[in-house]
1. Given the options D56, D74, D79, D63, name the one that is within 19 Å of V127 (Cα to Cα) and charged (D, E, K, R).
2. Of the residues L110, L139, L62, L66, which single one is modelled with pLDDT of 95 or more and in contact with a helix residue (DSSP H, G or I) (Cβ under 7 Å, 6 or more places away or on another chain)?
3. Do you know which of the residues in the range 100-126 that are open to solvent by 60 Å² or more (accessible area, probe 1.4 Å) and part of a helix (DSSP H, G or I) is farthest from V161 (Cα to Cα)?
4. Has the range 136-159 got at least one residue that is basic (K, R) and more than 19 Å from Y60 (Cβ to Cβ)?
5. Tell me, which residue of the range 127-171 that is among the basic types (K, R) and open to solvent by 70 Å² or more (accessible area, probe 1.4 Å) is nearest to S100 (Cα to Cα)?
6. Can you tell me how many residues within the range 70-91 are within 18 Å of the chain's Cα centre (by Cα), open to solvent by 30 Å² or more (accessible area, probe 1.4 Å) and at pLDDT 95 or above?
Amino acid sequence: MGSNQSSEKLYCNRYLDGNGPPSLVQQANAEVNGIYKVLSGTQPPGQMTWVILHRDLPGYPLDNTLQINYIFPDGIQTDKHPHPGQPYAGLRLCAYLPDSRDGRRVLKLLDKAFNTELLFSVVTNNVGQDVVTTASIPLKTQAEGGIKVDGYPDPDYLKNVRKILKDKGIE
């Protein structure tokens with residue numbers, strides 16, 4: 001570049017030639033500034049639905065219950081699973097949330113996590129069978145029984161699961 005060209009033109013040429021700083025998408029994908037957003041996970045095809053049960057959960061006596069139903073049929077693993085081309089066993093699972101403002105907020109976040117394939121994955125269980133199971137986001141699969149059996153009461157669950165989802169880029 002000659003001395004008669006301005007430094008501003010050099011700046012523009014760097015961007016036009018693709019030699020400028022990374023784009024925001026490239027920065028996010030490269031974990032720049034400690035921020036990393038997962039775009040999608042390894043969840044197999046499935047269905048998520050929910051209904052309102054007219055009963056309360058322990059710890060939420062004034063609220064109805066949201067029952068979330070997850071259904072994953074048996075299938076064949078893809079490249080994003082441990083054994084591509086091999087079969088896996090499906091899963092039917094119910095999870096529960098209080099039908100409150102915070103419970104509905106978590107439901108919305110779980111729906112977003114489901115649609116970005118972060119809630120479930122295919123793993124090999126302890127007897128060597130490939131199965132669909134929950135991933136690293138905890139679900140309350142029992143309406144009662146307390147924390148020991150993934151049930152209620154658990155006064156910190158809604159706050160904790162929101163934080164876990166936020167850490168995975170679900171807000």
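1. Sole residue among the options that is within 19 Å of V127 (Cα to Cα) and charged (D, E, K, R): D74.
2. Within the list L110, L139, L62, L66, the selection yields L66.
3. This residue is N115.
4. no
5. K159
6. Total meeting the criteria: 2.
The values are calculated or read from the model by the stated rules, or taken from the named source; none is laboratory data. On a predicted model such as this, the values are computed, not experimentally measured, just so you know. No Cβ is skipped: glycine too gets one built from the backbone with ideal geometry, and neighbour counts run over all protein chains shown. With ligands, DNA and RNA removed, areas are computed over all heavy atoms of the protein, side chains included. Shrake-Rupley method; radii C 1.70, N 1.55, O 1.52, S 1.80 Å.
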